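Everything on this sheet refers to the single structure shown next.
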Amino acid sequence: MMKQVFFSDLRFPDQYYAVLIRSTIQRGTLLSITPPELPNGYQIFTASDIPGINELRAFGNVIQLFASKKISYYGEPLGILVGPDYDTVKNLVAEVLIETETASPFVFSEKFSDQQIIERRIQEEGDIDALLADSKNIVETKSFTGPQDHFNPEPVGVAVDIGKGRLDIYTPTQWPAHVSSTVSDALQLKTEDIQVIPTSLSDPMDGKIWYPSLLAAQAAIAAVLSKHSVLLVLSRQEDFLFSVKSAPIQIRYRTAIDTEGRIIGMMIRILVDAGAFSPLIKEMADRITVSALGLYSIPSWKIETWILRTNMPPMGALSGWGEPQVLFALESHINRIIGLHNHCPVDWRVSHLRFMNEEYRKLAETVCTHSDFHRKYAAYRHVSQMRKNSKDRPLRGIGIAFGFQGNGFAGVSGEKLQYSVEAMMDTDGDIYFKTVPLSVNMQQIFREITTRILDIDGEHIHFDEATTTVNRGPDTLSNKISILTPLAEKCCESIKRQRFRKPLPIQVKKTWKPAALQADSLRCISENGPFVSLTPAVCVVETEIDPLTYECKITGIWIACDAGELHHQHAVLANIRKSATLALSRILAEYLIISDGKFAIKGGIPYDVYPPSLCPELHIHIANSKENPKGIGIIAQNMIPAAFASAVSQITGTPLSSVPVHPEHLYAMLEKTPGEAVK
């Protein structure tokens, strides 16, 4: 990977600048595109000019590179205009005449048409409908998590250089091989004639898996047809309005409870807004469905997951691929059941797990001891029960959540994925690794593994990352730590067995491919899958509401998890802290307004993020384990919102139904009359 290089800073001889021509309606038919009179050196390209396939394909889904007839969302790319001066290109794009025929858009709602259904998953155990019909004690909660922007430090885009007789594509991508294959299909070029050079990703948050491939194909088409290198950089406004957002998700839990407060059945209905397109949606549907029960043992249950098409820009996975939203909804629901029946929130959860009971008991014991959870929980609960109104202070609460991070893919429908590590010991005894671009921390982990197994100093260990064909899978879901690390160990063990038996150089290659899915592997999480590995975690969050401003302040966060064997503890702690900052921003600050099919911009500032300076002290406890390394990249984002919801609910006596939470919402929750629902 090019260290600390941003694609938007790159310039090439005789470079052209590119701006996308976008639709001005949300849904309808494209009738014609009429450009203004173009000066010499300025050109426009649309779907009809593409020499190859006008498609991006990923995970069994297809998106058109340029809309040719059907328009599916406001701002959908219809073509691209290029030329030597950026301001002139931008002005010419504004003069392009687009003739369309408008149709009524699809919207995200509990009532939807068959035309909107993209995917559905229905899994069940027992006759839950009969149980719910007969039960006199039903607990119901509904949670909604809206879209979230990735807030890229550098606007997304791509630089394409044709000066070396091939296509050199510079873009921040998590999936270089997909960029290469998409451009190859669009231009009918061999992948050997395309080199993808990943630039600085910053924190991709899984927003740069397939979207850079779309922009790269559009820019590469313009570069090849215009015979000039091309720079395509989305403006800040374009980035905010049209780049990938996390999919809005609504989850409704209905649970039948017996006379002793035990769960006898659970119905779960999940609605996911996929926007106009979502290449990752099949994996998201699988992942959301299998995670809906968490690790809890429920006698009878039914899960319905509906993936719905709307005429919003493409929705993506963001960090977690739906796991944070599901755990937020599940733990809020479980917390409601526990509160109504006065159960101990820790003992109840541990006793209702399907497996890993002892692991979770130890993790819970750790965070409860360090946070003084049991004493604070009892005290805050008593204060909340005695409170008559919000003027009765203090407004404090503490909550706990059990959860996990699923590492690796669950379903991988429609995509041939594989991850490889190649290692070679040369005649001087140096080791050369060839794999995907690795961070400094991952390189250090590879060095520690190599030193431990082969007794080779770090300066004799090298990395060759100048390839996009070694690995076919994207860098996501902690695949590097959970998949590549064991592959590196296997390579070193293989070289160790051969080094004194065979002449140097010795070269080995180890590859991981997803195992064949069993018939019941996508029903719920078990000890056998469907993930590559599972990182268990317990989180406690303590919070306080200001009685004057109704602003929420988090005063403490405690997280305990089992990340397997630790190769680089400092990096693990740093990643969890970074993930925690993103989680706090999600629940306390980030709020998108959708108006008339568009993401609205308030006051000229597209997005608000939570200042890291306001983040409370984070207490992280990593269990000492000898298991294979497990991912921790999104563990805080999975856990903190769920524990936060429990803490806020203890203060207000009402389940927190959505995030981010606003003072107006907290005021309504605190000032409601008993039994009154909060909208």
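Below are the figures for this structure:
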item	result
Test set (1) small (G, A, S); (2) under 22 Å from L670 (Cβ atoms); (3) open to solvent by 10 Å² or more (accessible area, probe 1.4 Å) - A623 fails condition number	(2)
Selection count, the range 200-217, where residues are polar (S, T, N, Q) and crowded, with 24+ Cβ neighbours inside 10 Å	1
Filtered residue count, the range 552-568, keeping only those that are out of contact with any strand residue (DSSP E or B) (no Cβ under 7 Å at 6 or more places or on another chain) and open to solvent by 20 Å² or more (accessible area, probe 1.4 Å)	3
Filter result for F404 (assigned to a strand (DSSP E or B) and either buried (at least 22 other Cβ atoms within 10 Å of the Cβ) or touching a residue at least 60 places away in the same chain (Cβ under 8 Å) (or both))	yes
Residue list for the range 281-313, restricted to those being under 24 Å from R27 (Cβ atoms) and either open to solvent by 10 Å² or more (accessible area, probe 1.4 Å) or among the polar types (S, T, N, Q) (or both)	K282, W306, R309, T310, N311, M312
Qualifying residue in the range 87-102 (condition: at negative phi, surrounded by 14 or more Cβ atoms within 10 Å (Cβ to Cβ) and either touching a helix residue (DSSP H, G or I) at 6+ places or on another chain (Cβ under 9 Å) or free of Cβ contacts under 8 Å to residues at least 12 places away in the same chain (or both))	no
Scope the range 526-551; condition of a type in the set (A, V, I, L, M, F, W, C), closer than 22 Å to K362 by Cα and either open to solvent by 20 Å² or more (accessible area, probe 1.4 Å) or in a loop (DSSP other than H, G, I, E, B) (or both); matching residues	L534
Complete set of residues in the range 301-323 that are out of contact with any Gly (no Cβ under 7 Å at 6 or more places or on another chain) and modelled with pLDDT of 95 or more	K302, I303, E304, T305, W306, I307, L308, R309
Qualifying positions in the range 76-98 - part of a strand (DSSP E or B), within 36 Å of the chain's Cα centre (by Cα) and either over 21 Å from R11 (Cβ atoms) or among the basic types (K, R) (or both)	P77, L78, G79, I98
The listed residue being closer than 21 Å to P279 by Cα, touching a residue at least 40 places away in the same chain (Cβ under 8 Å) and open to solvent by less than 80 Å² (accessible area, probe 1.4 Å), out of Q123, Q116	Q116
Exclusive hit being surrounded by fewer than 22 Cβ atoms within 10 Å (Cβ to Cβ) and either basic (K, R) or closer than 21 Å to N61 by Cα (or both), set S184, S226	S184
Selection status of E590, open to solvent by less than 60 Å² (accessible area, probe 1.4 Å), modelled with pLDDT under 95 and not hydroxyl-bearing (S, T, Y)	yes
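The values are calculated or read from the model by the stated rules, or taken from the named source; none is laboratory data. Keep in mind the model is a prediction, meaning the values are calculated, not measured. Methodologically, a virtual Cβ is constructed for each residue, glycine included, from the backbone with ideal geometry; neighbour enumeration extends over all protein chains shown. Surface areas here come from the heavy atoms of the whole protein model, side chains and all, with no ligands, DNA or RNA. Shrake-Rupley method; radii C 1.70, N 1.55, O 1.52, S 1.80 Å.
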